[in-house]
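Remarks on the structure that follows.
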2 protein chains.
Amino acid sequence: MRTAYYAQMAELNTLLARLCELSGTAMERSTAALLSADLAVAEQVISDHEHIQRMSGVAEERAFGLLARQAPVAGDLRSIVTTFQVVADIERMGALALHVAKVARRRHPMHALPPEVEGYFADMGALAVAMAGNAAAALTSQNVDDARRLQVDDDAMDALHEHLFTVLSDRTWDHGIGAGVDVTLLGRYYERFADHAVLIGHRVVFQATGHPPDRSIESPTQFLPG
Amino acid sequence: MRTAYYAQMAELNTLLARLCELSGTAMERSTAALLSADLAVAEQVISDHEHIQRMSGVAEERAFGLLARQAPVAGDLRSIVTTFQVVADIERMGALALHVAKVARRRHPMHALPPEVEGYFADMGALAVAMAGNAAAALTSQNVDDARRLQVDDDAMDALHEHLFTVLSDRTWDHGIGAGVDVTLLGRYYERFADHAVLIGHRVVFQATGHPPDRSIESPTQFLPG
């Protein structure tokens, strides 16, 4: 019984890892669409989003199945409940990638990003994709160190986000308020994407150790221009 | 056994309703702090946030207890899993109220809001508080109509949010990019607060009917200027 449970739990975590990678792929494409004002790539992310949602539903059903059939207790019970939270995190990461794609589509054929912030978004995009990959690796390995490493990436994301606002609040910004609104929201989407990857890391630590995840989720800096 | 389960489930929903009201109170105070640049009120929201987090932990523990002791099946099992999601929504609502309070604190003694958008935030704040109250009522009553009514409020929130961006993207905006960033993020906080209240409504519908909640959570408009 327990052996079957652990095998099915590992299978479920593998499915979650694949889903997490899909959200990373979505963010990779969204970032490419944003940086090159590529409508076709933006449209692809938008239409692929349904697939992430459908697979999330499948993952949830498997978790329900495990819960119902295996009737786990104590720590195992908590692990399964955690998987529902991981599904929610991944869905949110997919939704945030979708938002980025929608901004790229809305501004097409114009570029949503003024040239001086493109580098920040290239870096934030690469970091977000890496974090989705690291969260996926942590889900598969159930390795606490893999999970904890996400925090270091998140600090880098926060630093990029902070620098972005420095550029935005610079007096020489001459792209108008419309571009400012876009850049503000886009920056927030990447930052939140990273937060959810970190949360997945916390949840893996919880699954592996029984130590409850930190409830103060959001990146502490929450920087806004002075 | 089932009677005990239903009684404990009703108790848990009552606790969740109280928590939901607390998040509404936090948003009410944050909005007041924002509109009147009141540092003391902002500080109160910030220090009260820990209480919401602690109570969320208590609610989660009760849900685990129910799951472990009552070993519910089928629909009852799904209902309990839903309560973990409701806790997460309420925590997020509390965190969004906290963000608003932090903006008010950061800008003090200045006002974060230019005069021409104050009315929008007064209205969005009142609507957010009403929605937290309606979500709490739906949790207690388990009434599907109460839950569905939240969608109407959310449409009103989206309309306010859209108008806000119209003001923001107006050529006569002369408050600089810094105020533009604040207003953009603040608008997003209220919109997301409302989204989570709507999600709680969806979850109550799911608990009451077994009909799965809509996976396309976010408000469809996602309006951005121009």
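If you go through the range A:85-135 one residue at a time, how many are open to solvent by 10 Å² or more (accessible area, probe 1.4 Å), away from chain B (no Cβ under 12 Å), assigned to a helix (DSSP H, G or I) and in contact with a helix residue (DSSP H, G or I) (Cβ under 9 Å, 6 or more places away or on another chain)?
11
Which of (1) away from chain B (no Cβ under 11 Å); (2) within 20 Å of the chain's Cα centre (by Cα); (3) not acidic (Asp, Glu) does A:Val81 not meet, given it meets every other one?
(1)
Quick check, is B:Ser36 within 14 Å of chain A (Cβ to nearest Cβ), hydroxyl-bearing (Ser, Thr, Tyr) and open to solvent by 10 Å² or more (accessible area, probe 1.4 Å)?
Considered against the rule, which asks whether it is within 14 Å of chain A (Cβ to nearest Cβ), hydroxyl-bearing (Ser, Thr, Tyr) and open to solvent by 10 Å² or more (accessible area, probe 1.4 Å), B:Ser36 comes out as no.
All but one of (1) within 24 Å of A:His175 (Cβ to Cβ); (2) away from every other protein chain (no Cβ under 14 Å) hold for B:Gly201; state the number of the condition that does not hold.
Among (1) within 24 Å of A:His175 (Cβ to Cβ); (2) away from every other protein chain (no Cβ under 14 Å), B:Gly201 violates only (1).
Report, by residue number, each residue of the range A:18-33 that is surrounded by 22 or more Cβ atoms within 10 Å (Cβ to Cβ) and more than 21 Å from A:Leu186 (Cα to Cα).
Answer for the range A:18-33, where residues must be surrounded by 22 or more Cβ atoms within 10 Å (Cβ to Cβ) and more than 21 Å from A:Leu186 (Cα to Cα): just A:Leu19.
Report whether or not B:Ala10 is assigned to a helix (DSSP H, G or I) and in contact with a His (Cβ under 9 Å, 6 or more places away or on another chain).
no
Report, by residue number, each residue of the range B:188-226 that is open to solvent by 60 Å² or more (accessible area, probe 1.4 Å) and modelled with pLDDT of 70 or more.
B:Thr209, B:His211
Restricting to the range A:63-75, and then to whatever is within 12 Å of B:Phe64 (Cβ to Cβ) and more than 8 Å from chain B (Cβ to nearest Cβ), can you tell me which residue is least open to solvent (accessible area, probe 1.4 Å)?
This residue is A:Pro72.
Kindly provide the set of residues from the range B:136-152 that are buried (at least 18 other Cβ atoms within 10 Å of the Cβ) and within 15 Å of the chain's Cα centre (by Cα), ordered by number.
B:Ala136, B:Ala137, B:Ala138, B:Leu139, B:Ala147, B:Leu150
Could you check how many residues of the range A:39-54 are open to solvent by 20 Å² or more (accessible area, probe 1.4 Å), of a type in the set (A, V, I, L, M, F, W, C) and within 11 Å of chain B (Cβ to nearest Cβ)?
0
Across the range B:153-185, what is the total count of residues that are part of a helix (DSSP H, G or I) and open to solvent by 50 Å² or more (accessible area, probe 1.4 Å)?
Number satisfying all stated conditions: 4.
Consider A:Arg78 against the criteria (1) out of contact with any Ser or Thr (no Cβ under 7 Å at 6 or more places or on another chain); (2) under 21 Å from A:Gly187 (Cβ atoms): it satisfies all of them except one. Which criterion is unmet?
So the condition that A:Arg78 fails would be (2).
The values are calculated or read from the model by the stated rules, or taken from the named source; none is laboratory data. Keep in mind the model is a prediction, meaning the values are calculated, not measured. All Cβ positions, glycine included, derive from the backbone under ideal geometry; neighbour counts span all protein chains shown. Keep in mind that these areas ignore ligands, DNA and RNA; they rest on the heavy atoms of the full protein, side chains included. Shrake-Rupley method; radii C 1.70, N 1.55, O 1.52, S 1.80 Å.
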